[in-house]
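The values are calculated or read from the model by the stated rules, or taken from the named source; none is laboratory data. What you see is a predicted model, and the numbers here were worked out from it, not measured in a lab. Ligands, DNA and RNA are stripped out before the accessible areas are found, and what is left, the full protein with its side chains, is counted by its heavy atoms. Shrake-Rupley method; radii C 1.70, N 1.55, O 1.52, S 1.80 Å.
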Amino acid sequence: MQVQELHDFIVDKVDDIKAQDIVTLDVRGKSSITEFMVVCTGTSNRHVASIADHVNKESKLIDFPPFGISGEDDGEWVVVDMGSVMLHIMQEDARNLYQLEKLWG
């Protein structure tokens, strides 16, 4: 799957399940592990985990499962590693604290 197709797929899937404030960060040249980061907000621990689970299930259906998922148990900040696109799903407090857009923008 091409990088732009993967990015569009991820954005579509997080939007399906009502993720908020979806932002894409182009980190090519800044990161050696990924090309894009998609950052979005979930409204609760359950919502954050549900977004990650939805992306996981949908990506398996197209035979492109994540390389890994971290943080599902806590639900404050879940990272879904899709290779060239990393998905960060955060609750609002965690997103305000870590400010990934400012750090990587």
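Computed over protein heavy atoms with a 1.4 Å probe, the carbon and sulfur contribution to the accessible area of the chain reaches 48%. Surface analysis of the chain yields an accessible area of 56 Å² per residue, using protein heavy atoms and a 1.4 Å probe. Given the alternatives (i) 6.7; (ii) 7.7; (iii) 5.9, mean projected area of the Cα convex hull in nm² as computed for this entry is given by (iii).
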